[in-house]
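Student: Please read through the structure below; I'll follow up with questions.
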Amino acid sequence: MAPNSIGCSLKKLDLRDTGLINILPALRNSKDCEVEKLWLRASEEEHVAGILKQKKPFCVGRVIKMELGGYAVGVITKMSLEDYGVDKLKLTAPRKKYITEILKQEKPFCVGRVKSMWINDYAVGVITKMSHEGCEVEKLILTADKEAHVAAVLEQENPFCLGRVGKVEFEGYAVSVIAKMSIHEDNTIERFRISANEDHFSRILGEKDRSIELGRIRLGGFHVPEEVRRKLRYTLVDGYGKEVLEERDSSKWWRKKW
C-alpha cells in the first residue's frame, strides 16, 4: 500500500495486537487535525513487520499523546516527528526481545519535539539510540523495576547524550543510568529527582566521588539522597542562574523521605 494513499481525519487510534498497525504509513491525516491519542501495542513481531522494513520514515502529523508497547516501540524509529512533535510519549517494553532490533541499530533516530517522555522497563535501553540534537525535552521519566531493564545501558563503554532536558526523574534501578549519560553543557536542569531505595542505587555507590557530571541544577529542584550526591558533580543555581552554595543538613532528612 502506497504511503499517504488513504486520506483521513484521525482523532484517536487504538491498535493492539493486530497487523493493522502496518497500515499507518498509508494514512494521510488532515493537516488541520490533531491526533489526541495514538496507542499501539504489539506482542508479535509480525504486527509491525511491515513498518520496520521501511527505509523512509512516515509522518502521522501532530500527536498529543502517544503510547507504544511491546514490539510497537520499534515504530518510533520509523516515524518523522520533527515537524509536528508529541506532547506526551510513553514507551513500554516488558520483555527484552521487544527492543532487541532497536539496540542493534548503529544509526540513532530522532524523536523530534517531545514535551514529556516516560520510558519503562526494557525500553529504557532505547534512550541510548535516540538523537536529541536540536531537541529539548521538558520532562523525562525513566522507570526500571529490575536490574535487567538497564543492563543494555550499563554495558555501553561510551556515555550517551541526553541533550537538553528540563526535568528528569529516575525510578527504581533506572538510577544506575546516571553513570552512563551526559547533559548538554548549556543546559540547566529545573528538577532532578531520584525515587529509589538503597538496593536500587547500590551500583552508583561504587562510582568515585564527584565522578558523574550533571552540570547546572536549579537549587529547589534537586532531590537526591546524600549518599548518591557524593558521587555527582554539579552546580546549584538560583532562579537567575547564579551559582549558590549548597547547605548540607546534618539531620539526614533524606532518610525519612527516601
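The values are calculated or read from the model by the stated rules, or taken from the named source; none is laboratory data. Only a predicted model underlies this, so the values are computations on that prediction, with no experimental measurement involved. Glycine also receives a Cβ, built like all others from the backbone with ideal geometry; neighbour counts cover every protein chain displayed.
Student: So if I check each of HIS184, HIS149, which one is of a type outside the set (Val, Ile, Thr) and farther than 20 Å from LEU91 by Cβ?
Tutor: On the way: HIS149 fails: farther than 20 Å from LEU91 by Cβ.
Criteria check complete, one pass: HIS184.
Student: Filtering region 68-91 down to residues that are hydrophobic (A, V, I, L, M, F, W, C) and assigned to a helix (DSSP H, G or I), which residue is surrounded by the most Cβ atoms within 10 Å (Cβ to Cβ)? If you could, list the steps in order and put the result at the bottom.
Tutor: Filtering region 68-91 for residues hydrophobic (A, V, I, L, M, F, W, C) gives 68, 72-73, 75-76, 79, 81, 86, 89, 91.
Checking which are assigned to a helix (DSSP H, G or I) leaves us with 72-73, 75-76.
Details: ALA72: 25, VAL73: 27, VAL75: 23, ILE76: 22.
Among residues in region 68-91 that are hydrophobic (A, V, I, L, M, F, W, C) and assigned to a helix (DSSP H, G or I), the one surrounded by the most Cβ atoms within 10 Å (Cβ to Cβ) is VAL73.
Student: Checking ILE99 against (1) closer than 27 Å to ALA148 by Cβ; (2) over 23 Å from the mean Cα position of the chain (by Cα): exactly one of these is not met. Which one?
Tutor: (2)
Student: Further question: Report, by residue number, each residue of region 195-229 that is under 15 Å from MET181 (Cα atoms) and part of a loop (DSSP other than H, G, I, E, B). Talk me through it step by step, then tell me what you get.
Tutor: Step one: of region 195-229, the residues under 15 Å from MET181 (Cα atoms) are 203-204, 207, 210-216.
Answer for region 195-229, where residues must be under 15 Å from MET181 (Cα atoms) and part of a loop (DSSP other than H, G, I, E, B): ARG203, GLU207, ARG210, SER211.
Student: If GLY221 satisfies all but one of (1) surrounded by fewer than 17 Cβ atoms within 10 Å (Cβ to Cβ); (2) modelled with pLDDT of 95 or more; (3) touching a Phe, Trp or Tyr at 6+ places or on another chain (Cβ under 6 Å), what's the number of the condition it fails?
Tutor: Checking GLY221 against (1) surrounded by fewer than 17 Cβ atoms within 10 Å (Cβ to Cβ); (2) modelled with pLDDT of 95 or more; (3) touching a Phe, Trp or Tyr at 6+ places or on another chain (Cβ under 6 Å), the one that fails is (3).
Student: For region 230-258, how many residues meet the condition of being buried (at least 16 other Cβ atoms within 10 Å of the Cβ) and either at pLDDT below 70 or part of a strand (DSSP E or B) (or both)?
Tutor: 6
Student: Additional query: Looking only at region 149-175, which residues are in contact with a helix residue (DSSP H, G or I) (Cβ under 7 Å, 6 or more places away or on another chain), closer than 17 Å to LEU103 by Cβ and either among the polar types (S, T, N, Q) or in contact (Cβ under 8 Å) with a residue 40 or more places away in the chain (or both)? Talk me through it step by step, then tell me what you get.
Tutor: Quick first cut of region 149-175, residues in contact with a helix residue (DSSP H, G or I) (Cβ under 7 Å, 6 or more places away or on another chain) only: 149-150, 152-154, 156, 159-160, 170, 173-175.
Subsequent filtering for residues that are closer than 17 Å to LEU103 by Cβ retains 149-150, 152-154, 156, 159-160, 174.
ALA152, LEU154, GLN156, ALA174 - these are the residues of region 149-175 that are in contact with a helix residue (DSSP H, G or I) (Cβ under 7 Å, 6 or more places away or on another chain), closer than 17 Å to LEU103 by Cβ and either among the polar types (S, T, N, Q) or in contact (Cβ under 8 Å) with a residue 40 or more places away in the chain (or both).
Student: How many of the residues making up region 123-182 are in a helix (DSSP H, G or I) and among the small types (Gly, Ala, Ser)?
Tutor: First pass over region 123-182, keeping only residues in a helix (DSSP H, G or I): 123-129, 147-154, 173-180.
The next check asks that each one be among the small types (Gly, Ala, Ser); those that pass are 123, 125, 148, 151-152, 174, 176, 179.
Count: 8.
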